[in-house]
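The values are calculated or read from the model by the stated rules, or taken from the named source; none is laboratory data. Predicted model, so just to flag it, every value in this text is computed and none were measured. So basically every Cβ, Gly included, is an ideal-geometry build from the backbone, and we count neighbours across all protein chains shown. Protein only, heavy atoms only, side chains kept; ligands, DNA and RNA dropped before computing areas. Shrake-Rupley method; radii C 1.70, N 1.55, O 1.52, S 1.80 Å.
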Amino acid sequence: MSKKIVLAGGSGFLGNALADFLAAKGFEVVILTRGNSRAAGSIRYLQWDGATRGAWTDEIDGSYAVINFTGKSVNCLYTPKNKEEIIRSRLDSVRVLTDAILASAKPPAVFVQAGSLAIFGDTLQECDENAPHGTGFSVQVCQRWEQAFFERELTHTRKVMLRIGFALGKNGGALEPLAKLASMRLGGTVGSGNQYISWLHVDDLNEMFFYAMENEQVSGIVNATGPKPVTNREFMQTLRKVLNKGWAPPTPAPFVWLGAYLVMRTDPSLALTGRNCVPAKLLESGFSFGHTDLEAALRDLLVPEKANA
């Protein structure tokens, strides 16, 4: 029988990418979603609310791995209500999944939590896993999130927290809105342009999840990002080059604030802050990256195969 992987909250962009990757490797994939229970090819979807135990817990017992993507998107205005939902969705899912694992007769071998590099705040200095944390709401969310994940011991289940960077993939995710702006010749430097983007290709991220699952020596906190972060200025220049777009006007910080609040309805800090993070643990353990050059990665994702040939 194939090994079963439970992806909690895995119906989003990154979760679907990982589900397809794992299914192609022959794993049985079960996605816990707030949507209706259904089957799509070899992948099963089961309804859950992300906070309370139910029939879905039967899937945890006897599974090989649990991977948790659950959490309200931070791509929103940071109103008191949204802040509460951002925190609660993360803490509730960690708690109820831990409860389910503890109650299992055959607990999974590994519990992998999708976390965030936002814990480092806004920094130009290089950050490995041991770098000091930053300040602000996003940092506080990550700190509480990680504390909740590690505070209860799972005797038979290894824990890995992947602090995920700016994941680039096709047809969605973080890259899509930037590519649309660049295609309209609006992909200029954002703010100062000096803020760092710790990017990685979604294929490498999938391999990181697989690596964390399959290697018993991998545990604790791991920076899940590429080895060559770039500034916003360099990222946007490279994106325009790949899309054959010339110079684009920069967007000064005041206009970013106005656009974020009035048009995008999101917090401007998402665009104006950045982190210069490196995957020290992955590099030390011998993880092999498939995409380390930004231009090549963007061409792989945005340029049709015939044009790349």
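See the values below:
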| read-out | value |
| --- | --- |
| Selection status of ASN130, modelled with pLDDT under 95, under 25 Å from CYS277 (Cα atoms) and assigned to a loop (DSSP other than H, G, I, E, B) | no |
| In segment 264-287, residue most open to solvent (accessible area, probe 1.4 Å) [restricted to those that are hydroxyl-bearing (Ser, Thr, Tyr) and farther than 15 Å from PHE120 by Cβ] | SER285 |
| Scope segment 40-49; condition out of contact with any Phe, Trp or Tyr (no Cβ under 8 Å at 6 or more places or on another chain) and not in a loop (DSSP other than H, G, I, E, B); matching residues | ALA40, ILE43, ARG44, TYR45 |
| Residue among ALA224, ALA182, ALA174 that alone is crowded, with 17+ Cβ neighbours inside 10 Å, without any contact (Cβ under 8 Å) to a residue 40 or more places away in the chain and of a type in the set (A, V, I, L, M, F, W, C) | ALA174 |
| Residue satisfying all of: in segment 141-163; β-branched (Val, Ile, Thr) and surrounded by fewer than 22 Cβ atoms within 10 Å (Cβ to Cβ); nearest to THR273 (Cα to Cα) among these | VAL141 |
| Unique match (being under 26 Å from PHE21 (Cα atoms), out of contact with any Asp or Glu (no Cβ under 9 Å at 6 or more places or on another chain) and either among the charged types (D, E, K, R) or modelled with pLDDT of 95 or more (or both)) among VAL202, VAL230 | VAL202 |
| Test: residue in segment 234-246 that is more than 24 Å from ILE119 (Cα to Cα), in contact (Cβ under 8 Å) with a residue 60 or more places away in the chain and surrounded by 21 or more Cβ atoms within 10 Å (Cβ to Cβ) | yes |
| Close pairs (7 angstrom Cβ cut-off, 6 or more residues apart or separate chains): closer than 15 Å to ALA55 by Cβ in segment 26-41, open to solvent by 30 Å² or more (accessible area, probe 1.4 Å) and hydrophobic (A, V, I, L, M, F, W, C) anywhere | VAL30/LEU46; LEU32/LEU46; SER37/LEU46 |
| Any hit, segment 98-106, residues being under 20 Å from VAL222 (Cβ atoms), exposed (fewer than 15 other Cβ atoms within 10 Å of the Cβ) and basic (Lys, Arg) | no |
| Criterion: closer than 19 Å to TYR196 by Cα, touching a His at 6+ places or on another chain (Cβ under 8 Å) and in contact (Cβ under 8 Å) with a residue 12 or more places away in the chain - qualifying residue of GLY169, GLY136 | GLY169 |
| Number of positions in segment 65-85 that are open to solvent by 10 Å² or more (accessible area, probe 1.4 Å), closer than 17 Å to LEU162 by Cβ and not polar (S, T, N, Q) | 3 |
| Subset of segment 67-118 (residues that are hydrophobic (A, V, I, L, M, F, W, C), closer than 23 Å to ARG265 by Cα and more than 13 Å from the chain's Cα centre (by Cα)) | CYS76, LEU77, ILE86, ILE87 |
| Filter pass, LEU258 being farther than 22 Å from SER116 by Cβ, in a helix (DSSP H, G or I) and open to solvent by 20 Å² or more (accessible area, probe 1.4 Å) | yes |
| Residue within segment 86-94 that is in a loop (DSSP other than H, G, I, E, B), surrounded by fewer than 16 Cβ atoms within 10 Å (Cβ to Cβ) and without any contact (Cβ under 8 Å) to a residue 40 or more places away in the chain present | no |
| Residue count, segment 50-85 (criterion: part of a loop (DSSP other than H, G, I, E, B) and closer than 24 Å to ALA109 by Cα) | 14 |
| Single residue of LEU14, LEU32 found to be open to solvent by less than 60 Å² (accessible area, probe 1.4 Å) and part of a helix (DSSP H, G or I) | LEU14 |
